[in-house]
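Single-structure report; data block below.
Taken together, the values in this text are just the output of simple stated rules run on the coordinates, not laboratory data. All values derive from a computational prediction rather than experimental measurement. A quick note on method: Cβ atoms are made from the backbone with ideal geometry, for glycine too, and the neighbour counts reach across all protein chains shown.
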Amino acid sequence: MTAPTGPPSTRRALLGAAGATVLLAGCGGRDDDAGERTDTTGTDADVQVMDVLLGLEVAAGAAYAAAATRLAGRARETARLIAAHERAHADALRRAIRRIGLTPGAASGSSAEPPPLRDARSALAHLLDVEATSTAACLDALPKLSTPGLRATVAAILVDEARHEAVLRGLAGLPRLDSAPGGADPG
């Protein structure tokens, strides 16, 4: 199956919005009365938020590994590639946490059993759910983080998660999303 195509202006609008998110994530506001914050200091709240994301990335890597057993051909190779991306995201989160002088928690991922993956269709549906959860968590985390470096790391992961979801939608034969999540018009 090939991914459905649509007007390029919609894709450009979506990519433009994602680029703006990355740019703005690194520019977050700060309270000048609170003193200067650098990327070398972080808060306990930062590490808690990052640890949640770390757990999701570890769980996502495991979900892709499990789903790959139900996929074949291009879909299996794509799942393996995205599993490697998810492991790289987890490593990037660990490095970002250490860079601000904190220690990452022992993220074990989700303890919930994945749903039964009977076939390729159920595997792709599960992976789409995984990506939707990761995307939502990254969006939720951005305003909660106190350092620009952490926001930039999470924003970069957010862009990757959106790309993963787009690729999975194509593999599943689903139509492209022509609007932002929640029905907002990106253009």
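Annotations for the structure displayed:
- Backbone HN-Hα couplings from phi across segment 130-146 [Karplus 6.51/-1.76/1.60, Hz, Gly and Pro as x]: 4, 5, 4, 5, 5, 4, 4, 5, 5, 4, 5, 6, 3, x, 8, 8, 9
- Nearest-0.05 FRET efficiency for E77 and T43, computed from C-beta distance (R0 35 Å): 0.30
- Sites D129 and L177 - FRET efficiency at Förster radius 22 Å, r taken between beta-carbons, to 0.05: 0.90
- Radius of gyration and Dmax over the Cα atoms of segment 80-165, both given in Å: 14.2, 44
- Sequentially through segment 66-77, phi angles give Karplus couplings (6.51, -1.76, 1.60; θ = phi - 60°) of 5, 5, 4, 5, 9, 10, 9, x, 4, 5, 5, 4 Hz, Gly and Pro residues having no value and appearing as x.
- Taking 7 Å steps out from each Cα toward its Cβ at A84 and S122 produces label points 2.9 nm apart.
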